Amino acid sequence: MSLITDVMVSIKELWTRYEEAIRYVFFGGFTVLVSWGTYALFVMLGIDPALSNALSWLCAVLFAFVVNKYWVFMSKDSSARKITTEFVQFFGARIFTGIIAIVMFPALVYIGIDQNILGIENMLTRLIVSVVEIVLNYVFSKYLVFRKDRPAN
């Protein structure tokens, strides 16, 4: 019985300490599903793959904004002004990290980080770029877009 209690206490402590990051990863998984699902839908509807990719990115960013605002970072202010400000900052941050990813990928390949994983060309590079992008998106969302207003001193 003591072992079970200790495990439950440990799990609760981990949840308390990392709840926001856990929610970010959880909803990030759903954001990937939205991106892939809408891409598949657009392609099946006969839309050009490049345009389908852009539209699916937009759908994923819109979905990510909503879940990050309300369920990850728990931004309570729902005034039109606050939502507009947060959305513009969120969208801008995602464009910025997208540009970083676009520049970083060929730069890493150029310097020799171009290993294949499971037979997929440059997959290590893609993995590194994705990790950097995810971390930057989290940092920008937490500390720029949905930051908690500090009380006045």
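The values are calculated or read from the model by the stated rules, or taken from the named source; none is laboratory data. Quantities reported herein were computed from a predicted structural model and do not represent experimental measurements. For the accessible areas, the whole protein counts, side chains as well, though only heavy atoms, and no ligand, DNA or RNA atoms are used. Shrake-Rupley method; radii C 1.70, N 1.55, O 1.52, S 1.80 Å.
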Surface accessible to a 1.4 Å probe, F96 within the full protein complex, Å²: 110 Å²
How much of L3 can a 1.4 Å solvent probe reach, expressed as accessible area in Å² and rounded to 10? 130 Å²
Between the range 111-133 and the range 35-94, how many Å separate their Cα centres? 25 Å
Two decimals, Cα atoms only, Kirkwood Rh: what is Rg/Rh over the range 19-95? 1.04
Cα convex hull of the range 84-129, projected area averaged across orientations, nm²: 3.5 nm²
When the solvent-accessible surface of protein heavy atoms is calculated with a 1.4 angstrom probe, in what order do I117, I102 fall, highest first? I102, I117
Accessible surface ranking that places the most exposed of W36, W71, W57 first, with a 1.4 angstrom probe: W36, W71, W57
With a 18 Å threshold on alpha-carbon distance, the violating pairs from K76/K142; K12/K76; K69/K148 are K12/K76
Anchor K82: aspartates and glutamates whose Cα lies under 16 Å away (excluding residues fewer than 8 positions away in-chain): D149
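If you take the Cα atoms of the chain, find Rg, then find the Kirkwood Rh from the mean of 1/r over all pairs, what is Rg/Rh?
Looking at the chain, the ratio lands at 1.05.
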Report the percentage of all Cα-Cα pairs in the range 1-51 whose separation exceeds 16 Å, rounded to a whole percent. 62 percent
